[in-house]
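> Attaching a single structure in structure tokens format; questions to follow.
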Amino acid sequence: MDRWVESAAAEIARHAERELEALVGVSSPSGDVPGAEEAVALAAAFAPAEAAVERVPCSSAGYADDLLLRLTGTGSARLLLIGHLDTVVSNEAHRPIERTAERLIGSGTVDMKGGVVLSLGVLRALAERPDSFADVALLLVNDEEWRTGPLAHAKTFANVDACLCFEAGQTAPDGGEGVVVKRKAAGTLRVRAHGQAAHSGSAPDKGRNALLALARAAQCVASAHDPSGEDLLSAVPTIMNAGEAFNVVPPSGDLFCDLRAERLEAFDRVVDSLPAEVGGARLEPELVRQWPGMDARDATRDLLSAAGERLGRPVVAMERGGASDASHMHVHVPVTVDGLGPRGGRAHNPDEFVLRESLRTRAEVACAVVAALLR
């Protein structure tokens, strides 16, 4: 293993558990401004003293400003490190760190405060090598989990040489170190039903049942599910709300569905499969979120090979279905590598965890990729 990779990763790992415990100790569900501000303050405190600290407007209105940490050097390379501080876990369900022999269990450990800790460690390691880069920025956003629009910062960093995203890492099929260079496009479909209320006991047939219309829409979406087809389309109804009282025909409601595919255009056929109305209730579909896909396999092939040489073991290009801010950045930055965070599991689940040993091994992977970029 490259000497700098080994020493830098060991130093990152030495602080990682404590920093992760502190970050996970803060409940920061997406959209919670006080939680985001506390998480931002901790991340800024863990940053190297050499880093300039900026707050930049979040991509989503009403959210806390994002955190931007910047190092300026005397070299030529320009890098963007990116991650997010928000989680999907409510304040009421938040779970601080619990330790077992192998795991660190807690809300947001793997998605993605573990990755945030590693990215901060990489920034500290680079602060000691200012001659190896011109500019390194670490962007930590507060709205990744629930953002419906584009990433506002993508064009700002379009001129960097590479983007490294610290979402959770994974193991390759042969047990090697996997990083993510391909992701599906992601979309959120909302279907609104417009019906008519009526007394469900004395005059049910005078109403137009929005709930039944949404149930039909959910079945249509599920029928479009084709994960083994050309576009590898997954179409999954996830939330349905309708009705105002137990004795009233539901006059309105909403259905939400999660869509993933190789191409954004594949979502059109899901929308086209929906009827215009069911039982007199009108259906109004809208794609409220569309995140592009990512395919950086060709652009990162040589980089991952060079990183493997520095690491002393292969760094394997892999695919993942979930969306990420790396997808937005790849539109502007061809050399984009994701999945540089620690390994773990059960994201978005009360038992979410990070594998303790992976804080060191994945720090080694991240440092190896950085070393290959900076040569």
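> Please identify every one of the GluC sites (Glu not before Pro) in the range 1-89 that sits in a loop by DSSP and has no more than 16 other beta carbons within 10 Å of its own beta carbon.
Glu50
> Another one. Just to confirm the filter: which GluC sites (Glu not before Pro) across the range 75-160 are DSSP coil and have at most 15 other Cβ within 10 angstrom of their Cβ?
Working: sites: Glu92, Glu98, Glu102, Glu128, Glu144, Glu145; in loops: Glu92, Glu102, Glu128, Glu144, Glu145.
Filter output for the range 75-160: Glu92, Glu102, Glu128.
> By DSSP, what percent of the beta bridges with both residues in the chain are antiparallel, rounded to the nearest 5?
75 percent
> Using only alpha carbons, build the gyration tensor for the chain and give me the equivalent ellipsoid semi-axes, biggest first, whole Å.
42, 22, 18
> Give me the distance between the Cα centres of the range 137-168 and the range 53-97, rounded to whole Å.
Using only Cα atoms to place each centre, the spacing works out to 8 Å.
> Then there's this: Hey, can you grab everything whose amide H is under 5 Å from the amide H of Ser107? Only 5+ residues off in sequence or another chain; H modelled, so Pro and N-termini drop out.
The answer is Arg95.
> Quick one: Debye curve from the alpha-carbon atoms of the range 307-355 only, equal weights, vacuum; give me log10 I(q)/I(0) at q = 0.18, 0.21, 0.25, 0.28 Å⁻¹ to two decimals.
After summing over all Cα pairs, the log10 values are -0.80, -0.97, -1.09, -1.13.
> For a paramagnetic label modelled at 7 Å from the Cα of Arg297 toward its Cβ, which residues of the range 258-272 fall within the zone defined by backbone nitrogen distances under 20 Å?
Under 20 Å, as judged by backbone N against the label point of Arg297, lie 260-266 of the range 258-272.
> If I take all pairs of Cα atoms in the range 179-287, what percentage of them are more than 17 Å from each other?
The calculated P(r) of the range 179-287 puts 53 percent of pairs beyond 17 Å.
> Which of the GluC sites (Glu not before Pro) found in the range 290-375 are loop residues per DSSP with 10 or fewer other Cβ atoms within 10 Å of their Cβ?
On the way: sites: Glu309, Glu319, Glu352, Glu357, Glu364; in loops: Glu352, Glu357.
Loop-located and lightly packed - none at all.
> Which FRET efficiency, nearest 0.05, do Ala203 and Glu319 yield, Cβ-Cβ r, R0 41 Å? Present the calculation step by step, with values, prior to reporting the outcome.
Numbers: r = 54 Å, r/R0 = 1.32.
The computed FRET efficiency comes out at 0.15.
> Could you name the lysines whose alpha carbon sits less than 23 Å from that of Lys184, not counting residues in the same chain fewer than 8 places away?
Result set, ordered by chain and number: Lys113, Lys155.
> Sort Thr188, Thr361, Thr72 so the one with the fewest other Cβ atoms within 10 Å of its own Cβ comes first.
With the fewest neighbours first, Thr188, Thr361, Thr72 line up as Thr72, Thr361, Thr188.
> Order by neighbour count: Ser202, Ser132, fewest other Cβ atoms within 10 Å first, most last.
Ser202, Ser132
> Something else about it: Are there DSSP H segments in the chain that both extend 30 Å or more along their axis (alpha-carbon positions) and score a mean Kyte-Doolittle hydropathy of at least -1.0? List them, or say none.
3-24
> Connecting C-alpha atoms closer than 10 Å in a GNM of the chain, tell me which of Gln219, Gln290, Gln170 has the biggest fluctuation.
Result for the chain, Cα springs under 10 Å: Gln219 fluctuates most.
> Right, here's the next one. If you rank Ser200, Ser252, Ser305, Ser228 by fewest surrounding Cβ atoms within 10 Å, what's the result?
Going from sparsest to densest Cβ surroundings: Ser228, Ser305, Ser200, Ser252.
Each reported figure results from applying straightforward, stated rules to the coordinates on display, with no laboratory input. Computed from a predicted structure; not experimentally measured. Note that we place each Cβ from the backbone using ideal geometry, even for glycine, and neighbour counts take in every protein chain shown.
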